[in-house]
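Novice: Structure provided below as structure tokens; questions to follow.
What follows is calculated from the coordinates using simple rules that are stated; it is not laboratory data. Keep in mind that what you see is a predicted model, and the values were worked out from it rather than measured. Because the Cβ atoms are built from the backbone with ideal geometry, glycine has one as well, and the counts that use them run over all protein chains shown.
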Amino acid sequence: MTFQWQDYLELAKRLVNEDSPNEAVLRSAVSRAYYAAFNIVAQVLMLKHELVLAGLGEDHARVINHFLGSTDTKRHDIGVLLRHLRDDRNKADYVASISYWEFIAQLNIGRADRVLQFLKEL
């Protein structure tokens with residue numbers, strides 16, 4: 001059975017909706033929202049034979065740049081949203097000095113939802 005990447009986004013939503021989630025929980029929600037969106041988009045690109053991915057770290061930039069380079073507005077917007085999601089995911093993993101994680105987590109869950117909605121509209 002293949003893992004359903006959408007489950008990561010559902011997990012992110014549950015984490016944010018916990019009673020008084022701590023910072024680690026909120027950072028995890030940011031990460032899960034990004035990986036849900038990225039992996040669903042990457043899977044679609046591979047199924048449509050638009051991009052061959054190697055399963056390496058560089059795939060993240062390749063997927064984002066694939067969409068950023070598009071002249072189609074929705075495709076470009078997917079790239080912009082993925083870039084913001086990835087930037088915040090990196091902050092969640094590496095930046096200790098940020099204090100407004102609840103806002104960032106909610107923002108990124110919304111971004112991931114928009115990525116998936118735009119993807120359906122392509």
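Novice: Please build a GNM for the chain, connecting alpha carbons under 10 Å apart, and tell me which residue among Val80, Val63, Val52 fluctuates the most.
Specialist: Most flexible of the set in this elastic network: Val52.
Novice: So I have [x] 43, 33, 27; [y] 53, 47, 20; [z] 49, 31, 25, and one of them is Cα extents along the principal axes in Å calculated from this model. Which one is it?
Specialist: Computed from these coordinates, Cα extents along the principal axes in Å corresponds to label [x].
Novice: Something else now. When the helix-only estimate is applied to the chain (DSSP H runs of n ≥ 4, each -39,500 (n - 2.57), divided by the residue count), what is the mean residue ellipticity at 222 nm, nearest 500 deg cm²/dmol? Numbers along the way, then the final one.
Specialist: Working: 5 runs with 90 residues, N = 122.
Per the formula, -25000 deg cm²/dmol.
Novice: Moving to a separate point now. Starting from 0.36 nm per residue, how many nanometres of slack lie between Tyr94 and Thr2 once their C-alpha separation is accounted for? Present the calculation step by step, with values, prior to reporting the outcome.
Specialist: Values: separation 92, 0.36 × 92 = 33.12 nm, distance 2.98 nm.
Length gained between Tyr94 and Thr2: 30.1 nm.
Novice: Between Glu121 and Asn39, 0.36 nm times their residue separation minus their Cα-Cα distance comes to what?
Specialist: 27.8 nm
Novice: I would also like to ask the following. Treating the beta-carbon of each Lys and Arg as +1 and of each Asp and Glu as -1, no other charges, what is the dipole magnitude of the chain about its Cα centre, to the nearest 20 debye?
Specialist: Magnitude of the dipole: close to 240 debye.
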